[in-house]
Amino acid sequence: MQEAMIARAKELLADGSVSRVMGWKKGEFSYDISPAVFENADQLVDFVYDDFCGANVSKYLINESKKEGKILAFLKPCDSYSFAQLLKEHRIDREKVYVIGIPSYGKADINKIRAKGIDGVLGIKSEGTDFIVDTIYGEEKIAKFEAMSERCLTCKSKKHVDVDEMMGEEGEWNAESKRFDKVAELEAMTPDERFEFWRGELSRCIRCNACRNVCPACTCVSCVFDNPNSDINNKAAASSFEENMFHIIRAFHVAGRCTDCGECSRVCPQNIPLHLLNRKFIKDINELYGQYQAGANADEKYPMVNFTFDDCEPGIVYKRGGNQ
Amino acid sequence: MQRIGVFVCHCGTNIAATVDVKKVAETLLQEPGVVYATDYQYMCSEAGQNMIKDAIKAQNLTGVVICSCSPRMHEATFRKAVAAVGMNPYMLEVANIREQCSWIHKNIEEATEKAIILGRAAVAKVHLNAPLIAGQTPVTKRALVIGGGIAGIQCALDIADAGYQVDIVEKEPTVGGKMTKIDKTFPTLDCSSCILTPKMVDVAQNENIKIYSYSEVESVKGFVGNFTVGIKRKARYVKEDICTGCGLCTEKCPQKKVPNDYNLGLDTKRAIYIPFAQAVPKVATIDADYCTMLKTGKCGVCSKICTAGAIDYTQQDEHLEEQYGAIVVATGYNPIKLDAFDEFAYSQSPDVVTSLEFERLMSASGPNGGHLVRPSDHKEPKTIVFVQCVGSRSTVECGKPYCSKICCMYTCKHAMLCREKYPDTEVYVFYIDVRTPGKNYDEFYRRAVEEYDVHYIKGMVGKVCPEGDKLKVQASDLLTNEQLHIDADMVVLAAAIEADKSARPLATLLTASMDTNDFFTEAHAKLRPVESPTAGVFLAGCAQGPKDIPETVTQAGACASKVIGLLAKDHLVGNPCVAHSDEMMCNGCSTCANVCPYGAITYETKDFSRRKDGTLMRRVASVNPAVCQGCGCCTVACPSGAMDLYGFSTKQIMSEVDAICK
Amino acid sequence: MDNMEISKEIQRISGVNPRKCMRCGKCSGTCPAYDQMEYHPHQFVNLALSGKIDKLMESKSIYTCLSCFACVERCPRGVEPANIIEAVRLWKIRQQNQNHLVADQIPAMLDEEIPQQALVSAFRKYKK
Amino acid sequence: MQVEEKEFKPTIVAFCCNWCSYAGADLSGTNRLQYPANVKIIRIPCSCRLNPMFILRAFQRGADGVILCGCHPGDCHYTTGNYYARRRMTLLFSMLDFLGIEKERTRVEWVSAAEGQKFAETMNDFVATVTKLGENHRLEDLRCKKQ
């Protein structure tokens, strides 16, 4: 796949249809992969696409599409939803991006691999239902369901939206996805249990802003938490408003726009399951206002800027969900 | 730092009896920024107001907090007072310590404590207040009326009467609308043309009114007082200013097989036509779909015959742009299409007609000169069945969920006229309810039943089957609990009425809101019934909802008075408490525009280039303060907080929250 | 179960909300079997609403209805009178378990010729 | 020594839209209908001006209950504001519930300018509910490190 992608990128660079390529490259370690822009064919030696390439590149296209010339972007299905949502918000100039859809069969989670006692990872490849991990101690085999990241195990869609060209096979929307199971499990707890759960999770937050920086829905030119007119940009005390409410507000701001790509949880250095907050909103929206997938439909108004005359009343919260 | 003065009102004993006003003033004086605090018997009295004015001057106050009755009561009074001594009126806040404190609490200690907290919140807010200046925009003293039916005509006449210029844009070749097609009007049975034609002539002759017939609105820019409207004048292939309306061409045109819209296709007209004798403007129009000359280039009869030389086959659509201060929407209605109602055999038998078609069949200007005969064989019908609520009050797909309102009365009128003109005709009316609220309406209906012996049957027609030259009508009679079978000669269907198809795209142009039935929504259902929520856009007639002629004329008049009220102003003073966007923080994501009910937000791509970053173009929002009404919906929708509201800024409300929760 | 409860149950089984009816009578106007019926389509709806469902249960009308669904097709409010009849018929059938096969009695009555399939389906149908 | 037993008086913030509910609150005052003094009203132009941040801020600064009052759906002075507010609050409240915050601490009521009676009743009821719940700690220290 990687070779085919590089070849196609070279072709497009050569015939002048694009002037840059958006992809991934290795960091210090093989699993430490970050999105990268390649300015010419020579730089593509560093281009990598393997089972560690989980990063969502759509956000980078906001700035890239403001530059001269067209950029080639390889988008996985979940990246393409984020990309489409950003298009809807007029954040990306579609004319400046050439999109090639690439399939993604589930990315590996390095933490899960490490938890299995596999260390010194040098590379990874897919083989049927297993990952073959190349390490300094030799090859190790690990079953995919044990090593795949949570968001991939509950993948919502292997189908792209809005691509110019497909490489590999186009997938399907997965209606069977169990992605709301964990949310439902929490909903079934008592409020006290839920409070303890979240307190346990959120108290680990170090406010590093990684979730905000990676999130393709958190693309504000300037975040509300950095807005002096919002009166919440308090940087001092640990008990400040910002400290306590950051995650609720962030989840609310991306509600209806979050495509559920799961990047927030992937990058969290404290492993807080932040995606559950977003999924809670998605689940509520689906249940209360009808099925909605951000990015899936360019013309549909997103739920927070829409209403019907007979929407449910906020009091419905007292009746549904939760154990009381 | 602000220098704030606090003024606590006793309101006689209304406040002072339960709130320790002295303590409130003393405590608030300790608040940061408060340099003066006092209390007085009646702050709103002249003496009280002077006290405020004097303190502002003596203490060099930059902000004022009044602890008194509800701001809904005296905020305006106090704002005026502070403005009189040169303070910006928006530097004042009112803490409501009467309606929301002294009047609801009995315990003096509690009430005093609450009054202090409310005062503190107001002080905290004033700290963040900024002088606001209401914007002024000039008003173009001309109105546009879209639609030239009775609503548009009446409204235009009333506005013109007040001395303002009015343009009417009508999509048909003549003004007059549906009322020209109607034979008689209920409940007086006077002739529709006889009362409408003089008004049409008035419109044509009024110096203040200009008619753009055979024209459409294609674009609307601007806002209240300052609309720029693009109008398309469709090519009629006849020079309007030269045609004398003699009608010779309409007699000589060899293309005779053109369905006559005026008679709803019940007969034919020529390819060049004047819709009817009293048309305004009385100018011929060529139907390009049928004209042989325009289609094949071979004919030219009308051109040869026209002594005035008015025919111009090369005419093109013309596009104009005009300025208006106010826009009236009077786009009217149409009966719904009945193709989906198979059970009534409308598309199977020519003798099943809609009420509007029946109106033409009865009219002296109709296809048969007013002699009622069946369209199929031109025989006089002996049994006529009227069916009400065809498509009205229907929640299934092909119908409309609302009551069309006019059908009960016109059906009653039709039934009565039939019995009067042709006494040997049996007339049945099937009804679900007979709805006759209106002056002399129920009396009219009772006359039909009692004097004219119309058979009113509570029930509905289930099906109509053409059989031979009869229409077999099967219906229920719910009162006798039996099924009726009637051999009718004609069936008349009271089709539901719906908003004209042009209304929906027009609403988009105007950014005026519509309900799910494509009727324009009013700014307030009870208190602002002729205004659209979009400032400067007004509603008349059936564009707003089904209504009959008297109601339409009433509404058109009310609408005109609202328009006159607007045009009479030289300047519009806006509400300064409007939204504004910080373009440095704006993402241009359109979220705010999506929730704005007024279409006040527009986007432009601006250059944010700085030397070190190279070129940077960004799409940013800007709010038109003349259009924004200050609801603040956009401020919450905006994820980055770029959007804020003057007078109720995020910071201000936050500071009130902090002051209260301290 | 009293009549009101049965009416509710009929509404539930049929999915018909009789409150949607605006009493226009179009269903009865359209009914081809009207004259053969004691109760007519618009009355089905009314009886289901007012809880007098017993009258309908006992009436032969429920078997004269042809299930042509003309009333369902033409009702302007989407009330679906014929579905009430369907539900009432179903209800009647369900009531019949009282006087139908009881497992203990079967052996004595058993006719060797009866296909086993018929027995099984009879149990399915009449057991509760 | 007598220990002074202090009765718990919750701090309640009520956001009222200017056109209906604030006027409704005024009316309950005009009619001298009583409700507890711990309800403090903040005037906002429309229920749609209520930013979730205001609610969270109130809780974080020590409020024990927050209520939003607006025009009845369909009666909004700005035609559609309260429809948006309704969605926003539904989702926000659901989220707070999800985080384990007692859902009874937040409420939305539609109060028209004529419903002074309803306003007073609503406030009495809300204060009683929140008083029963006791002091709000959860939103104050949701993210605080465990002791």
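No value in this document is a laboratory result; all are computed from the given coordinates. This is a predicted model, so every value here is computed, not measured. As a convention, Cβ positions derive from the backbone with ideal geometry for all residues, glycine included, and neighbour counts pool all protein chains shown.
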Practice item. Just tell me how shielded B:583-596 is by partners: mean number of partner chain Cβ atoms within 10 Å of each residue's Cβ, no decimals. Key: 5
Practice item. Would you mind ranking A:LEU276, B:LEU28, B:LEU320 by Cβ crowding within 10 Å, fewest neighbours first? Key: B:LEU320, A:LEU276, B:LEU28
Study note, to complete from the structure: Looking only at lysines whose Cα falls under 27 Å of C:LYS8's and that sit 8 or more positions away or on another chain, we get A:LYS319, C:LYS20, C:LYS26, C:LYS52, C:LYS55, C:LYS60, C:LYS92, C:LYS125, C:LYS127, C:LYS128
Exercise for review: Show which aspartates and glutamates lie in cross-link reach of B:LYS184 when reach means a straight Cα distance below 18 angstrom and same-chain residues fewer than eight apart are skipped.
Suggested key: B:GLU357, B:GLU359, B:GLU420, B:ASP442, B:GLU443, B:ASP548, B:GLU551
Practice item. Classify region D:12-131 as rounded, prolate or oblate from the Cα gyration tensor: take a ≥ b ≥ c as the square roots of its eigenvalues, call it rounded if a/c is under 1.5, otherwise prolate when a/b beats b/c and oblate if not. Key: oblate
Review point. Magnitude of the Cβ-charge dipole of chain B, K/R +1 and D/E -1, about the Cα centre, nearest 20 debye?
Key: 1460
Point to revise | Of B:MET51, B:TYR36, B:VAL19, farthest towards positive along the dipole that unit charges on Lys, Arg, Asp, Glu beta carbons give region B:4-81 | key: B:MET51
Exercise for review: Holding the Cα-Cα limit at 27 Å, pick out from B:LYS114/B:LYS526; B:LYS125/B:LYS606; A:LYS25/A:LYS159 the pairs that are longer than that.
Suggested key: B:LYS114/B:LYS526; B:LYS125/B:LYS606
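Quick check on chain C: helices-only [θ] at 222 nm, where DSSP H runs of length 4 and up contribute -39,500 (n - 2.57) each and the sum goes over total residues. Nearest 500, please.
-15000 deg cm²/dmol
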Study note, to complete from the structure: With only helices counted (DSSP H, runs n ≥ 4, each -39500 (n - 2.57)), the per-residue ellipticity at 222 nm for chain A, to the nearest 500, works out to -9000 deg cm²/dmol
Study note, to complete from the structure: Gyration tensor on Cα atoms of region A:179-324, a ≥ b ≥ c root eigenvalues, a/c under 1.5 rounded, else prolate if a/b beats b/c, else oblate, says oblate
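Just for chain B, what percent of DSSP beta bridges are antiparallel, to the closest 5?
55
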Review point. Pairs of lysine in region B:335-498 with Cα under 17 Å and at least 8 positions apart or on different chains: total?
Key: 11
Review point. Based solely on its DSSP helices, what 222 nm [θ] is calculated for chain B when runs of n ≥ 4 H residues each add -39,500 (n - 2.57) and the sum is averaged over all residues, nearest 500 deg cm²/dmol?
Key: -8000 deg cm²/dmol
Check your understanding: If each of A:TYR292 and B:GLU207 carries a label point 7 Å out from its Cα toward its Cβ, how far apart are those two points in nm?
Key -> 5.8
Check your understanding: R0 = 56 Å: FRET efficiency of B:LYS379 with A:ARG94, Cβ-based, nearest 0.05?
Key -> 0.25
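For a quick protection proxy, order the peptides A:135-146, B:636-647, B:197-208 by their average other-Cβ count within 10 Å, most packed first.
So the order, starting with the most tightly packed, is B:636-647, B:197-208, A:135-146.
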Exercise for review: Report the normalised scattering of the protein assembly as shown as log10 I(q)/I(0) at q = 0.04, 0.07, 0.08 Å⁻¹, calculated by the Debye formula with identical scatterers on the alpha carbons.
Suggested key: -0.32, -0.97, -1.18
Review point. In nm, to one decimal, how far is the A:LYS159 label point from the A:ASN229 one, both placed 7 Å along Cα→Cβ?
Key: 4.2
Review point. When the Cα atoms of region B:155-197 are enclosed in a convex hull and the volume is divided per residue, what value in Å³ results?
Key: 89
Practice item. Could I have the simple spin-label model distance between A:LYS141 and B:THR615, label points 7 Å from Cα toward Cβ, reported in nm to one decimal? Key: 5.7
**Study point:** DSSP-defined beta bridges in chain A - what % are antiparallel, rounded to 5
**Key:** 70
Point to revise | Globularity ratio of chain A, using Cα Rg and 2.2 N^0.38 Å | key: 1.04
**Study point:** region B:335-498: C-alpha gyration tensor shape, a/c 1.5 cut-off, then a/b vs b/c
**Key:** rounded
**Study point:** Cβ-derived FRET efficiency at R0 35 Å, B:LYS470 paired with B:LEU189, nearest 0.05
**Key:** 0.70
Review point. What FRET efficiency comes out for the pair A:MET166/A:ASP32, r = Cβ-Cβ distance, R0 = 35 Å, nearest 0.05?
Key: 0.75
Check your understanding: What do the square roots of 5 times the Cα gyration tensor eigenvalues come to for chain C, in whole Å, largest first, as semi-axes of the equivalent ellipsoid?
Key -> 34, 16, 12
Practice item. Using only the alpha-carbon atoms of region B:4-128, report the extent along each of the three principal axes, biggest first, to the nearest angstrom. Key: 39, 28, 21
Study note, to complete from the structure: Expected max-MSF residue from D:ARG107, D:ARG32, D:ARG43 in the GNM of chain D (alpha carbon, under 10 Å) is D:ARG32
Exercise for review: Starting from the exponent 0.38 and prefactor 2.2 Å, build the expected Rg for region B:89-230 from its residue count and divide its actual Cα Rg by it.
Suggested key: 1.90
Practice item. Take the Cα gyration tensor of region B:80-161, multiply each eigenvalue by 5, square-root it, and list the three semi-axes largest first, rounded to whole angstrom. Key: 48, 21, 11
Study note, to complete from the structure: Scaled by the rule-of-thumb 2.2 N^0.38 Å, the alpha carbon Rg for chain B gives a ratio of 1.26
Point to revise | For the protein assembly as shown, size of Cβ-based charge dipole, Lys and Arg +1, Asp and Glu -1, in debye | key: 1600
Check your understanding: If you add up the charges near A:ASP192, with Lys and Arg at +1 and Asp and Glu at -1, over every other residue whose beta carbon is less than 12 angstrom from its beta carbon, what do you get?
Key -> 0
Study note, to complete from the structure: By the rule of no other cysteine beta carbon under 4.7 Å, the lone cysteines of chain A are A:CYS53, A:CYS152, A:CYS155, A:CYS205, A:CYS208, A:CYS220, A:CYS223, A:CYS258, A:CYS268, A:CYS312
Practice item. Taking the Cα centre of region D:5-73 as origin, work out the dipole magnitude from +1 charges on Lys and Arg Cβ and -1 charges on Asp and Glu Cβ, in debye rounded to 20. Key: 200
